[in-house]
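To start, the structure itself, in structure tokens.
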Amino acid sequence: MNSNNVEESVLENAIRFHGHKCPGLAAGIRVSKVVLRELGKPARDEEMVAIVENSSCGVDAIQLLTGCTFGKGNLVFRDFGKSVYTFINRETNKALRISLEKDAFDTDEEHRNLFAKVRDKTATEAQRELFTQKHMKKSDEILNMPEEKLMTIEQVEPEPVQKARIHESLDCVVCNEPVMETRVKLLNGDVHCIPCFEELTGNNS
Ligand SMILES: [Zn+2]
Ligand SMILES: [Zn+2]
């Protein structure tokens, strides 16, 4: 089907994990390939850290392929709304900052209009179909595009990122469920979990 840059099995695994094929996922796969090539094999533990500046589709490919995952704590989310990803190999002390080129994601007006209709569920069956076709074509374009057209890769100084720590748990006096000590809220000296604290105080900041 496609693709000079990405093996079919890698693409299939990523689609299975993410749930669908889309341009964002395609870009995440391309970013991950650069990271594995430049920084080494996927992280089994915390030897590699990813700092992602968005929480969109591409981050799923990054978690799957680089081993920098939410659960291991070596995926740091900075909510900047930017298509920028920084990876640090703690063993070699090498770090890369990868930013995606916005031109790579350009779509024609028809594609954008269709996307809007699909999103607010006003698209007809035929419009949906056409949108899917265009979306798949864009995804394939991103999978196959020359690296320098898709992203800017810079080597940067690795910033210190704290390793995930193990914390004690304390029991909430209301629901009795254990809470990581750093997330406990005290009310008259009693330990509360955040949901119980917010329910009691009406405070959900
Ligand atoms: Zn997606
Ligand atoms: Zn509670």
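One residue alone among 124, 86, 66, 92 is surrounded by fewer than 15 Cβ atoms within 10 Å (Cβ to Cβ) and within 19 Å of residue 156 (Cα to Cα), and that residue is 92.
Restricting segment 149-205 to residues that are farther than 30 Å from residue 89 by Cβ and more than 16 Å from ligand 2 (Cβ to nearest atom) leaves a set whose member that is modelled with the lowest pLDDT is 205.
For a quick check of your reading: which helices (runs of 4 or more DSSP H) sit entirely within segment 81-160 and have at least 3 residues that are acidic (Asp, Glu)? Show your work before the answer.
Details: elements: 109-119, 125-144, 147-150.
Correct list: 125-144.
Scanning segment 181-199 for residues that are aliphatic (A, V, I, L, M) and exposed (fewer than 13 other Cβ atoms within 10 Å of the Cβ) returns a single hit, 186. Determine whether segment 42-55 contains at least one residue that is within 16 Å of ligand 1 (Cβ to nearest atom), outside any helix (DSSP H, G or I) and in contact with a Gly (Cβ under 7 Å, 6 or more places away or on another chain). So far as segment 42-55 goes, yes, one or more of its residues are within 16 Å of ligand 1 (Cβ to nearest atom), outside any helix (DSSP H, G or I) and in contact with a Gly (Cβ under 7 Å, 6 or more places away or on another chain). Applying a threshold of 6 Å to beta carbon distances and a minimum spacing of six or more residues, or different chains, the list of pairs starting in segment 82-102 at a residue that is touching a residue at least 40 places away in the same chain (Cβ under 8 Å) and ending at one that is buried (at least 17 other Cβ atoms within 10 Å of the Cβ) and hydroxyl-bearing (Ser, Thr, Tyr) reads 97/86; 98/85; 100/83. Flag set for residue 34, criterion: touching a residue at least 60 places away in the same chain (Cβ under 8 Å) and on the phi < 0 side of the Ramachandran plot. Scanning segment 4-21 for residues that are surrounded by 15 or more Cβ atoms within 10 Å (Cβ to Cβ) and farther than 21 Å from residue 79 by Cα returns 5, 6, 10, 11, 13, 14, 15, 21. Of the listed requirements (1) at positive phi; (2) touching a residue at least 12 places away in the same chain (Cβ under 8 Å), residue 121 misses just one: (2).
The values are calculated or read from the model by the stated rules, or taken from the named source; none is laboratory data. No experiment lies behind these values; they were computed from the predicted model shown. Here the Cβ is made from the backbone with ideal geometry for all residues, glycine too, and neighbour counts use every protein chain on show.
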